[in-house]
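Report on the following structure.
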Amino acid sequence: MKHIRYAALVSLLLSHAAIASVSVKDDRGQEITLAKPAQRIISLAPHATEDLFAIGAGKLIVGAVNYSDYPPEANKIERIGGYNGFDLERIRALKPDLIVAWQSGNPAKQLAQIETLGLPVFYTFSKKLEDVPTVMERLGVLTAKESEAQAAASKYRSSLAALEKKYAGRKPIRVFYQVWDRPLMTINREQIISDAMRLCGGVNVFAALPALVPTIDDEAVLAANPDVIITSGEPGVKDNWLNRWKRWPNLKANKHLYILPKDLLSRMGPRLVEGTEKLCEAIDKAR
């Protein structure tokens, strides 16, 4: 009888352990398994911070990188570094049980160092607009916020579907998206903003370049002769970026230079669909 009771107890404990553990694949295709849902998270990208807040897991973030400023509550989170590097000792001291990283935006060397700490790392790298809600859903599993994550993902998908329907079949417009001024930088077809262009009926004039964020020169832009030039950021600062193109009267985009709201299009989080809408509106003006 004692043996039966013991076996039943072991079975019950194993059952509870199985229920407590959570597992998903990240954007590398790697399996990330936690013994129980995450309670102390470090976010290594502003878009990851937004994802976590969108699914109701913002209070679980104990550390975040610089520029994690949305929603406003994110400004209260302790900083552990930025795009140029992280404070590994501070990360260790915060005792996270999950780190959310940005595969293409975080320093590869420091990500490798974080891996040596033995901490679970979930990598994000959305290449398409449709990838974004899947990140929220998977983070929902890892944080036991599945219903909230599904609601956030559903809202995003509905907004995206409405944009797809609105801009389907419109006249193609050739677009140069300016990421930086000096050096002059743009995006290729693998960068998610290029997928947003596609939805709007835009054609990325530098889609074929091999680098995700390639460096180019003025001559390359003039040779491509886009219909519209678009950047993102604060008007006033970015005005100077675009005014340079007014020097060439034969450039088709000369009278179609647009600045989109800061961060909406450059972060692979829940607000990306809003940024895509702004991008579509700018491209439509050029039509």
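The values are calculated or read from the model by the stated rules, or taken from the named source; none is laboratory data. These numbers were taken from a predicted model, which means no experiment stands behind them. Ideal geometry is used to build each Cβ from the backbone, glycine not excepted, and the neighbour counts take in all protein chains shown. Protein only, heavy atoms only, side chains kept; ligands, DNA and RNA dropped before computing areas. Shrake-Rupley method; radii C 1.70, N 1.55, O 1.52, S 1.80 Å.
Table for the structure above
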{"read-out": "Cα pair count fraction exceeding 34 Å, expressed as % - the chain", "value": "29"}
{"read-out": "12 Å beta-carbon shell around D284, net charge (K/R +1, D/E -1)", "value": "+3"}
{"read-out": "Given charges at Cβ of Lys, Arg, Asp, Glu: the chain dipole, positive-most of V100, L160, Q110", "value": "L160"}
{"read-out": "Of all accessible heavy-atom area on the chain, the percent that carbon and sulfur account for (1.4 Å)", "value": "54"}
{"read-out": "Separation in nanometres of the label points that stand 7 Å from Cα toward Cβ, at E130 and Q150", "value": "2.1"}
{"read-out": "Using θ = phi - 60° and Karplus 6.51 cos²θ - 1.76 cosθ + 1.60, couplings along the stretch 76-87 (whole Hz; Gly, Pro as x)", "value": "7, 6, 4, 8, 10, x, x, 5, 8, x, 10, 8"}
{"read-out": "Once the Cα gyration tensor of the stretch 218-287 is diagonalised, semi-axes √(5λ) in Å", "value": "23, 13, 10"}
{"read-out": "Mean-position separation - Cα centroids, the stretch 254-287 and the stretch 83-117, in angstrom", "value": "31"}
{"read-out": "For q = 0.21, 0.23 Å⁻¹, Debye-computed log10 I/I(0) when each Cα of the stretch 169-271 counts as one equal scatterer", "value": "-1.18, -1.43"}
{"read-out": "Helical mean residue ellipticity (222 nm; -39500 (n - 2.57) per DSSP H run of 4+; nearest 500) of the chain", "value": "-12000 deg cm²/dmol"}
{"read-out": "Average accessible area per residue (Å²) across the chain - probe 1.4 Å, nucleic acids and ligands excluded", "value": "50"}
{"read-out": "Cα-based reach from K246 at 18 Å (exclusive), listing lysines while leaving out same-chain residues under 8 positions away", "value": "K238, K255, K285"}
{"read-out": "Given K109/K278; K128/K252; K59/K109, the pairs whose alpha carbons are separated by over 31 Å", "value": "K109/K278"}
{"read-out": "Local net charge near G169, Cβ-Cβ under 15 Å (Lys/Arg +1, Asp/Glu -1)", "value": "+4"}
{"read-out": "DSSP-defined beta bridges in the chain - what % are antiparallel, rounded to 5", "value": "30"}
{"read-out": "Positive-pole candidate from Y258, A286, L242, dipole of the stretch 240-287, charges at beta carbon", "value": "L242"}
{"read-out": "Cα-based reach from K165 at 17 Å (exclusive), listing aspartates and glutamates while leaving out same-chain residues under 8 positions away", "value": "E130, D195, E274, E277, E281, D284"}
